[in-house]
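**Q** Structure below; questions to follow.
Taken together, the values in this text are just the output of simple stated rules run on the coordinates, not laboratory data. Keep in mind that what you see is a predicted model, and the values were worked out from it rather than measured. All Cβ positions, even for glycine, are placed from backbone atoms using ideal geometry, and neighbour counts span all protein chains on display.
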Amino acid sequence: MTVTLGSLHRASPRAAFVLRRLARAGATIAVVLVATFFLVQLVPGDPVRAALGPTAPPETVEALRTQLGLDLPIGEQLTRYLGGLVTGDLGVSVTSQRPVTAILAERLPTTLLLAVASFLLAAVGAFPIGVATAVSTYGGRRRPLDLAVSGVLGVLVAVPNFLLAVLLIAVFSVGMGALPPAGWSGPANAVLPVVALAVGPLAYLARIVHVEMLRVLAAPYLTTARSKRLPPRLLYVRHALPNIVTASLTAGGVVLTGLVAGTVLVETVFVIPGIGTAIVSSIVTRDYPLVQGLVLVYAALVLAANLLIDLALAVLDPRSAIAEG
Amino acid sequence: MIPTLRRTLRTPQGIAVGIGLLVVALVAVFGELVFGDAATVRTIGERQAPASLAHPFGTDDLGRDLLARVLVATRLSVLLTLGATAMSVAGGVLLGVVAAVLPRTPRRLVAAFIDMLLSFPWLLLALFFSVIWGATATGAMLAVGFAGVPVFARLVNTLAASVASADYVHAARMVGSSPLRTAARHVLPNIVPPLVVNTATHASVTLLSFAALSFLGLGVQAPEYDWGRLLNEGSQRIYLAPMAAIGPGIAIVLTGVVFALLGELLSERRSGGRAGRAQRPAAAPPRQDPPSLDAVVDVAALRIAFRGPGGELVERVHGVDLHVGEGEVVGIVGESGSGKSVTAMAIAGLLGPDALVTSERVAFRGIDMTRAVGAADRRTLGLEQAMIFQDPQSSLNPALSVGLQLREVSETHARTPRRVAARRAVEMLRLVRIPEPERRLRGLPHELSGGMRQRVMIAMGLMGRPRLIVADEPTTALDVTVQRQVLRALRDAQRSTGAAILLISHDIALVSGFCDRVVVMRHGVVVEELDARRLHEARHPYTRGLIACVPDLTTDRSRPLPVLDTADEPALLEETRA
């Protein structure tokens, strides 16, 4: 294995990198599957009793145990669980008695829309801010502006999205009456949630871009480019930007996975029918099949986001610096 | 470390953090005693009151004062935060240390597992764990605590690995220190400071995480309340009384900022001021005589200063005059710190904004390099001036193809069509003797050796119509045979274009063999200027010292080579000033 990977590494570092990341994703999937299966077993005491409460009659408890298949031997439970996954059957929600896959299909698009829209807003906003502030403060120029920008970005990174969401509602919905405070019935409903989700990541990304850009601006090859007296556009867009791609993309990966999780909080604040509100209520009601399905979906989203970034790195990274990691 | 810490605590930031921590601690300890009544007494007449003077945050649906409840909630919020942080640190140190002492294969597996956990956002991990332990305060503490374990496990693992491979640990092992003793005496003390810093920062993250879980209804349950719980209750009434939600939010953010600043303060070991931008003097120095137009480089009374670490100006070049004629090959020789490179960068107008340049004149072919150049002059400079720098590893852009970097000067400044420029690039690579130039054009710089990159830099300078090539230590980073190839390329370039060359080096033998004229610099002044063929006539003791250090075939090998003696420094300086 090492021999073949080694030779592949020499032949095409990019392909080797992608293969390695795919293998890592596969291993992670396996761990996640095992973890979600044992999630129910790990609940201290009797998981069914914990779900129904101490007052539920024994017959109800036994009925639910049978429905969840928890009365079967553990090996058979695992086979049934994995078999169900292969056939796309994630079981039936205890509270709503609907198939988990149906609930997911209904709610997942909303969450995806929120996450993707906020990521785009964060990425599109962060690059100009990071680049412009780095260029204008390079070499200790405009010290007050530099301090002000890093101060504002620092505060925006620090404010958690659920607090920001509450503030946005207080200002824009309650105060100005400009935008709806909750619900999910039209594009206007998406504005505040997307902004609440995007601001923190935007500030974080802008800081990374800023710092990376300052590093590149001080690099000798930029002095070479300056010695060619290239116009600013070529200097910054052609010579500087490609060199911040790797670090920015890696930070973008962190942001993207963070956004996937952040939807849970923002959906709760704005009462949006995505998978975030579903996972919270299913944890409270201990709806095990639904929780398992949702945890799997979230893990899959995080893995997909990471793989997406890895693939982008493999395509865009100029020097295949990725070959190291 | 203790005196540093004490000094840090006296800074305005340190005082602010100290006060913040003290306030949080006092409210956590005495909050219930002082505000407990106001937080629990039910005033039916004042239910769900909006913010007012009597109730700055309003009241809840049982008429209890919300400010008092926020203050009382401090204890539970802080205690849960500290508990979860302690769990994260303890679990992380345990896992990290275990991972560090395991044999190779399991160690790698544990490290891979930690990486895997880290690829998931903390909230997902916390949600996963809260399924297991249920939606209670203890369950949430366990969940947040466990979710933080991978962060510290990775930190401890990395730190332990880096410290364990440090030289002083090897040395301790060599003198027979047992592994346990080594860990206790050498590894642990070096891990603890960064661990403390990260704990403070992580406490801030934990506080927010806990607030998030309670806000979701997965943490503290009624009738108990922490800030997240209060925020949850407040946000349901946000239309009527926004302060009911904003109040707990303020408490969360302020406390989080105090913890975060504490971490920042602890990690800040750097002292002193920062590099500021050098200010240009208000009045331009008077010009004495007009710049000569036949000179490629004409420099008079050039002074360059930089802002020192304490903010004071440090002058590095003290009034240098330099003249390079058409097609002349001039070498500047001097030790590092003599100001030779800075002088060259000033001639090229490439000093950063942190440099303060004053001069009677710095001109390149009549273009004043001390002010911002116009568009036409920029074109001239782009085409006629070429630079080669010391480090071939970093002077070419790693992200752009060699061909693009060669072409762009003529494409940008001479509007040469791409194909014509590409053909010229091939010619120029051939001139500097790079094999397979067509293939090299498509490649990236990292595919070339150091010597090849330097020759590509030379070829790049030839793409316009160069009148001056500034080569700043172009061969220092290369080994001797490669040096010869680069110098030959430089010589070929000079012959084919007739450009002047300014060669900067610390190596007087190299410069005297290559140049027409040698300028010797030391401590930011020109100590002597000589014809390269008449070096033996050097009068300045520093120049003579430099020449004497170079061995040749007649050198007496039974005696050590002379060393530049710093004992005669005052004499040298006297002579320089004379």
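**Q** Among A:THR55, B:THR481, which comes first, then next, by fewest other beta-carbon atoms within 10 Å?
**A** In order of increasing Cβ crowding within 10 Å: A:THR55, B:THR481.
**Q** Once you treat every alpha carbon in the stretch B:2-270 as an equal point and sum by Debye, what is log10 I(q)/I(0) at q = 0.08, 0.12, 0.15 Å⁻¹?
**A** Result of the Debye calculation: -0.41, -0.81, -1.09.
**Q** What is the projected area of the convex hull of the Cα atoms of the protein assembly as shown, averaged over all directions, in nm²?
**A** Hull-based average projected area comes out at 49.1 nm².
**Q** Would you mind giving the mean number of other chain beta-carbons within 10 Å of the Cβ of each residue in A:257-264, as a whole number?
**A** Mean partner-chain Cβ count within 10 Å for A:257-264: 4.
**Q** How many partner chain Cβ atoms sit within 10 Å of a residue's Cβ in peptide A:212-222, on average, as a whole number?
**A** Mean inter-chain Cβ contacts per residue within 10 Å come to 3.
**Q** Moving on to the next point. Work out the mean other chain Cβ neighbour count within 10 Å for the residues of B:131-139 and drop it here as an integer.
**A** That average works out to 5.
**Q** Once both labels are modelled 7 Å past Cα along the beta-carbon direction, what's the B:SER165-A:ARG49 spacing in nm?
**A** 5.2 nm
**Q** Of all DSSP beta bridges located in the protein assembly as shown, what percent are antiparallel, nearest 5?
**A** 60 percent
**Q** Counting only helical runs of four or more DSSP H residues, what would the 222 nm mean residue ellipticity of chain A come to if each run contributes -39,500 (n - 2.57) and the total is spread over all its residues?
**A** Result for chain A, helices only: -24500 deg cm²/dmol.
**Q** If you don't mind, there's one more thing I want to ask. Quickly rank B:523-532, B:373-382, B:139-148 as a protection proxy: mean count of other C-beta atoms within 10 Å, highest first.
**A** The peptides rank, most packed first, as B:139-148, B:523-532, B:373-382.
**Q** Rounded to the nearest 0.05, what FRET efficiency do B:ARG108 and A:GLU76 give with R0 = 30 Å and r taken as the Cβ-Cβ distance? Could you check?
**A** With R0 = 30 Å, the Cβ-Cβ based efficiency is 0.30.
**Q** Something else about it: Under the 0.36 nm per residue contour assumption, what length would be gained going from the current alpha-carbon distance of A:ARG142 and A:ARG215 to full extension?
**A** Gain on extension, A:ARG142 to A:ARG215, equals 24.6 nm.
**Q** Right, here's the next one. On C-alpha positions alone, give me the angle between the axis of helix B:480-497 and the longest principal axis of chain B, in degrees, nearest 10.
**A** Helix B:480-497 sits roughly 60 degrees off the main axis of chain B.
**Q** Note the angle between two axes, namely the Cα long axis of helix B:122-133 and the longest principal axis of the Cα atoms of chain B, as a number of degrees from 0 to 90, rounded to the nearest 10.
**A** Tilt of helix B:122-133: around 30 degrees.
**Q** For chain B, what are Rg and Dmax over the alpha carbons, in angstrom?
**A** Spelled out, the Cα radius of gyration and Dmax of chain B are 34.5, 109 Å.
**Q** While we're looking at this one, here's another question. So, R0 is 22 Å and r is the distance between the beta-carbons of A:SER96 and A:VAL61; what FRET efficiency does that work out to, to 0.05?
**A** The formula returns an efficiency of 0.70 here.
**Q** Quick check: net charge around A:VAL18, other residues with Cβ under 14 Å of its Cβ, Lys/Arg +1 and Asp/Glu -1?
**A** Once positives and negatives cancel, what remains is +2.
**Q** If you take the alpha carbon radius of gyration of the stretch A:107-284 and divide it by 2.2 N^0.38 Å, what ratio comes out, to two decimals?
**A** So the Cα radius of gyration is 1.20 times the expected 2.2 N^0.38 Å.
**Q** Once R0 is set to 22 Å, what does the formula 1/(1 + (r/R0)^6) return for the Cβ-Cβ distance between A:ALA300 and A:PHE38, expressed as a FRET efficiency to the nearest 0.05?
**A** It comes to 0.80.
**Q** Another question, then. For chain A, return all DSSP H helices satisfying: extent of Cα atoms along own axis at least 30 Å; mean Kyte-Doolittle hydropathy at least 0.5.
**A** TM-like helix candidates: A:13-42, A:100-137, A:187-217, A:245-270, A:288-316.
**Q** Further, regarding this structure: Pairing the Cα long axis of helix B:66-101 with the longest principal axis of chain B, what angle in degrees results, from 0 to 90 and rounded to the nearest 10?
**A** For B:66-101 against chain B, the angle is about 60 degrees.
**Q** Report the Cα centroid-to-centroid distance between the stretch A:131-158 and the stretch B:118-193 in angstrom, as an integer.
**A** 34 Å
**Q** Can I ask one more? Could you tell me which residue out of B:GLY349, A:VAL124, A:THR246 lies farthest along the dipole of the protein assembly as shown toward its positive end? Charges go on the beta carbon: Lys and Arg +1, Asp and Glu -1, centred on the Cα centre.
**A** My answer, from the dipole projection, is B:GLY349.
**Q** Here's something else I'd like to know. Taking chain A as a Gaussian network, Cα atoms linked when under 10 Å apart, which of A:GLY252, A:GLY125, A:GLY88 shows the biggest mean-square fluctuation?
**A** Highest fluctuation among the options: A:GLY88.
**Q** Taking all pairs of distinct Cα atoms, average 1/r, flip it, and tell me the Kirkwood hydrodynamic radius of the stretch B:1-117 in Å to one decimal place.
**A** About 18.3 Å, per the Kirkwood formula over Cα pairs.
**Q** Using the Cα centre of chain B as the reference point, and only Cβ charges (+1 on K/R, -1 on D/E), how large is the resulting charge dipole? Debye, rounded to the nearest 20.
**A** 1240 debye
**Q** Taking the Cβ of each residue in A:ARG229, B:ARG361 as the centre, tally the other Cβ atoms inside 10 Å and list the residues starting with the fewest.
**A** So the ranking, lowest neighbour count to highest, is B:ARG361, A:ARG229.
**Q** Between beta-carbons, use under 15 Å as the cut-off and find the net charge around B:GLY331, counting Lys and Arg +1, Asp and Glu -1.
**A** Computed value for this residue: -3.
**Q** Next question. Which order results if B:HIS170, B:HIS540 are arranged by neighbouring Cβ count within 10 Å, fewest first?
**A** Fewest-to-most Cβ neighbours within 10 Å comes out as B:HIS170, B:HIS540.
**Q** For the pair B:ALA414 and B:ASP479, how long in nm is the line joining their label points, each one 7 Å along Cα→Cβ?
**A** Calculated label separation equals 3.7 nm.
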